[in-house]
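Each reported figure results from applying straightforward, stated rules to the coordinates on display, with no laboratory input. Bear in mind that the values here come from a model prediction, so they are computed numbers and not experimental data. Neighbour counts are summed over all protein chains in view; Cβ atoms, including those assigned to glycine, are modelled from backbone coordinates with ideal geometry.
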Amino acid sequence: MSSAELYINLTNICSNWSALNSLSNGSAGAVVKANAYGLGIKEVGISLAKAGARDFFVAIAEEGVELRRAIGHGPKIYVFSGHMVGDTSLLKNFNLIPLINSAEQLAFHAENSADQSIGIQLDTGMNRLGMEGAEFEAIKDIILKLNPDLIISHLACADEPSHPMNEKQLNYFNAITDNIDCKKSLAATGGILLGKRYHFDMTRPGIGLYGGNPYSGSKNVVGLKLPVIQIRSVLPDETVGYSNTWTAKKITKVATVSSGYADGIFRCLSDKAMLYHDQIPCNIIGRISMDLIGVDVSNCGENPDHLWLLNDIQSIDVLADDANTIGYEILTALGQRYNRSYI
Ligand SMILES: *Cc1c(COP(=O)(O)O)cnc(C)c1O
């Protein structure tokens, strides 16, 4: 079999959630948008609901439908994009709570689903989603009559604890929601680490559940094991891979493993990242191809029959640094060809 194996540790996801829930002043929800950051919204959702998560967040209504089908009734599911045209029957039939982002969305909701619960998303400076302060003030009375379930906003710079934007957004959120008797939520993973003033009634961790920075206390969640298809000896001055970007200086044992940039192993990792034979690091050599990668296994002693790209030594953030990106992108890019094992 030459399909690579992606191991997803649901036990560690649940233990990361419990740790973040304990760190939170109120309770922690769970952000499972983008197929639970690429790891499987069904499997992750079911495990977290069993572990005690009662509030889930998705990006779009369709994700909420998939989650509701998996976890059944009980937990609340909030939709960041709010109530869009075409969402009405999904929100109603699957009991999803739209986080209303504008006066326009509120009017649309009132016309189509007046009796359905809503939450409110406020923009406190990120200028991405949510009502701005003035817009909120103008329709606040109407909103409060609807008895919103939750009021949220999102921090732009929470991964940089000393960034002045954090305090600025906190103060603004406090100012516009002061005296409102409703559950509030401001902090994602980074915000939880900023301290209790940022927590309000509910936190919304995503990446921290899946083993990524900035939550350095999180347990690793993914392992990625790539099968070796072929091993050869390459002589001095011979080259490996497309465009001859790597030339052997000495006799080198080269393994070709199954997987490539079509599986989310970014081509910019060529000549940078390592694969691991147990604890032994092995350099990627030459260009990463669509489905194949060349690896120097000269130091391995025996011929390995597989090598690890993600493990406890090389986490998603180590790989992200090599690729000049963030762990979030490494996770959500993980391809669909892997054989997925949930442990
Ligand atoms: C993605 C997202 C989160 C989760 O963020 P993490 O950094 O992954 O913890 C929380 N809230 C909103 C609005 C988001 O878009």
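Things worth noting here:
- Per residue Cα convex hull volume in Å³ - calculated over the chain: 145
- Between R340 and L6, the built amide H atoms are under 5 Å apart, and every one of these is 5 or more places off in sequence or on another chain.
- Peptide ranges 172-184, 141-153 listed from the most packed, as the mean C-beta count within 10 angstrom indicates: 141-153, 172-184
- Computed over the stretch 58-102, relative contact order equals 44 percent, with contacts defined as Cα pairs under 8 Å that lie 6+ residues apart.
- Hypothetical label at K50: residues of the stretch 22-43 whose amide nitrogen lies under 11 Å (7 Å Cα-Cβ projection): 43
- Over the stretch 10-210 - Rg/Rh using Cα atoms and the Kirkwood inverse-distance radius: 0.95
- C-alpha center-to-center spacing [the stretch 191-256, the stretch 267-301] in angstrom: 11
- Where labels lie 7 Å past Cα in the beta-carbon direction, separation of N324 and E104 in nm: 3.6
- In the chain, a dipole from Cβ-located charges (positive for Lys and Arg, negative for Asp and Glu) runs towards its positive end, and of I77, S117, L99 it is I77 whose Cα lies farthest in that direction.
- Highest to lowest packing among 189-199, 255-265, 71-81, scored as the average C-beta count within 10 Å: 255-265, 189-199, 71-81
- Taken about its Cα centre, the chain carries a charge dipole of about 600 debye when Lys and Arg each add +1 at the Cβ and Asp and Glu each add -1 at the Cβ.
- Rh by Kirkwood over Cα pairs, then Stokes-Einstein D for the stretch 62-179 at 1.306 mPa s and 10 °C, µm²/s: 105
- FRET efficiency estimate (nearest 0.05) - Cβ-Cβ, T256 to K145, R0 51 angstrom: 0.20
- Each Lys and Arg Cβ is given +1 and each Asp and Glu Cβ -1; about its Cα centre, the stretch 148-254 then shows a dipole of about 580 debye.
- Dipole size of the stretch 222-342 about its Cα centre, with +1 on Lys/Arg Cβ and -1 on Asp/Glu Cβ: approximately 260 debye, rounded to the nearest 20.
- Computed from the Cα positions only, the extents of the stretch 253-343 along the three principal axes stand at 35, 31, 22 Å, in decreasing order.
- For the chain, the relative contact order is 19 percent, taking Cα pairs closer than 8 Å that sit 6 or more residues apart in sequence and dividing their mean separation by the residue count.
- Distance between modelled label sites at S22 and A333, nm, 7 Å Cα→Cβ extension: 3.5
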